[in-house]
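Have a look at the structure below, then the notes.
Bear in mind that the values in this text are calculations on the coordinates, not laboratory data. Quick caveat: nothing in here was measured; it's all calculated off a predicted structure. For neighbour counting, all protein chains shown are included, and Cβ atoms are generated from backbone atoms with ideal geometry for every residue, glycine included.
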Amino acid sequence: MIARSLLSSLVLAVLIGCGDVTVNEQPEAEGDDPGECSDNADNDQDGLWDCDDPDCDGADECGGDDDDATDDDDATDDDDVAPDDDDVAPDDDDVAPDDDDVADDDDSAVGDDDDSAAPPAVITNGTCTGPVYTYSAPSITTPELNIIGMYESTGGHGGPAGTTTVDIQRPGPMTLVLSSYEPVTWALTVGPSTTINEIILNGYNVSTVTGAPGGTVITDLTTPGSYWTACAYAWPSSSGGCETPTLVNAAEVYSGLSLSSWSGCYHGTVWTLN
């Protein structure tokens, strides 16, 4: 500022010496020399000094440019301290949960669309003479309680033990109840992901089971005086003297489980449980 004043005085003196000349000196601007925006002086004599003078807008000591605390649009921008889409405050890719985070939209409290869910409904099919009765609980809990009930198998009424095959590919664990009035050999085929904790044989005549996985508990109630009910095959009511509700209630009380599925018919030879 001092150097510029001396230069202006020198020019003025020269011009005066040359004749009658009118000189319009350019007014000073706050901040046109380094340090003027922080020297505590009103350098352009306009009543404002340092960062309070608009001439210092943009000076480094007054906050800088669009990469500082303020910019053209608002208090913060994409490069400022205040958070935006890429800063501290969460957005769609940050802390706040979305479909793949801690809480989601249509699943349980934890997880997303791939989270664990309740087991699907039990699907059973039977090769039978007469109607086939099936039921799957609307909400499956584990371990499952699955019951297959018949009056007779290939041995017929009053004949030797018939054979009924049961193919189980449904993942366990489960308790399986096999019930018949006539003697039956229940021949099981069990998938690698199936776990059968206990097989309960129920019925008026003696029946047996083969193919049970190792370690499966076999409970035999197929003798008079031991069975829960002599027979049960219809759903949901009883039929022909057989007692479906009695069998279901006894199985639930004994196992402490809720019924997952029922499969039944009068004369059955093949069952699948998936």
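Under the definition of Cα pairs under 8 Å and six or more residues apart, what whole-number percent is the relative contact order of region 157-217? Rounded, it is 36 percent for region 157-217.
Would you please state which residues of region 159-203 a label at Thr127 would reach in this model, taking the label point 7 Å out along Cα→Cβ and a backbone N cut-off of under 16 Å? Residues 162-168, 185-189 fall inside that zone. What residues of region 160-176 lie in the reach of a label at Ala137, counting those whose backbone N is under 17 Å from a point 7 Å from the Cα along Cα→Cβ? Output list for this probe position: 170-176. Each of Leu273, Tyr233, Ala161 was placed along the dipole of region 124-273 (beta-carbon charges, centred on the mean Cα), and the one lying farthest toward the positive end is Leu273. Net charge of the neighbourhood of Ala232, taken over other residues with C-beta under 15 Å away and scored Lys/Arg +1, Asp/Glu -1, is -4.
Charge dipole of region 124-273 (Cα centre as origin; +1 on each Lys and Arg Cβ, -1 on each Asp and Glu Cβ, all else neutral): 140 debye, rounded to the nearest 20. For Ala29, nonlocal amide neighbours, meaning residues 5 or more places apart or on other chains whose placed amide H falls under 5 Å from its own, do not occur.
Measuring nothing but how far apart in sequence close Cα pairs (under 8 Å, 6+ apart) lie, relative to its length, region 109-256 scores a relative contact order of 17 percent.
In sequence order, region 220-230 has phi-based couplings of 9, 10, 9, 9, x, x, 10, 5, 6, 8, 5 Hz under the Karplus curve 6.51 cos²θ - 1.76 cosθ + 1.60, θ = phi - 60°, and Gly or Pro positions carry x.
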